[in-house]
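Since the structure comes first, as structure tokens, the remarks are kept for the end.
The values are calculated or read from the model by the stated rules, or taken from the named source; none is laboratory data. What you see is a predicted model; the values in this text were computed from it and never measured. A quick note on method: Cβ atoms are made from the backbone with ideal geometry, for glycine too, and the neighbour counts reach across all protein chains shown. For accessibility, only protein heavy atoms count, side chains too; no ligands or nucleic acids. Shrake-Rupley method; radii C 1.70, N 1.55, O 1.52, S 1.80 Å.
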Amino acid sequence: MSKILVFGFYGKNNIGDNLFIQAYQHLFPDFEFVFSEDITSTKLQGIDVVFLGGGSFLHDEPAITPSAFLELNFKKIFYLGVGVEDYIHPKHL
């Protein structure tokens, strides 16, 4: 079973973000999900795909360690459920 790391503000009693947990599991039932507020090299071990999403966060620097940031070059990355921003932090670009 493929594993997806989902980066965002999940499991914090925010109904919108928590609904995404259910939506991901419903839309992609053949995948295992790991939800996290940060991305580290350790958390990327065994991960096939990375989802970034849920709300408005593109203007902030993502909580990604430098080594994990380099590893992301070799992962499939998708932004899902992201709000529209007037400024996007360069690391998201």
(request) Hey, can you tell me all the residues within segment 52-80 that are surrounded by fewer than 17 Cβ atoms within 10 Å (Cβ to Cβ), at pLDDT below 85 and of a type outside the set (D, E, K, R)? (result) 55, 56, 59, 80
(request) Kindly indicate the residue of segment 34-51 that is open to solvent by less than 90 Å² (accessible area, probe 1.4 Å) and over 10 Å from the mean Cα position of the chain (by Cα) and also farthest from residue 84 (Cα to Cα) among those meeting that condition. (result) 46
(message) If I filter segment 1-17 down to residues being part of a loop (DSSP other than H, G, I, E, B) and polar (S, T, N, Q), which single residue comes out as modelled with the lowest pLDDT?
(response) 14
(message) Step by step: first the residues of segment 37-93, then only those that are in a helix (DSSP H, G or I) and in contact (Cβ under 8 Å) with a residue 12 or more places away in the chain, then the one that is farthest from residue 3 (Cα to Cα). Which residue is that?
(response) 67
(request) Return only the number of the condition from (1) open to solvent by less than 70 Å² (accessible area, probe 1.4 Å); (2) free of Cβ contacts under 8 Å to residues at least 24 places away in the same chain that residue 19 does not satisfy. (result) (1)
(request) Scan segment 53-73 and give yes if some residue there is polar (S, T, N, Q) and touching a helix residue (DSSP H, G or I) at 6+ places or on another chain (Cβ under 9 Å), otherwise no. (result) yes
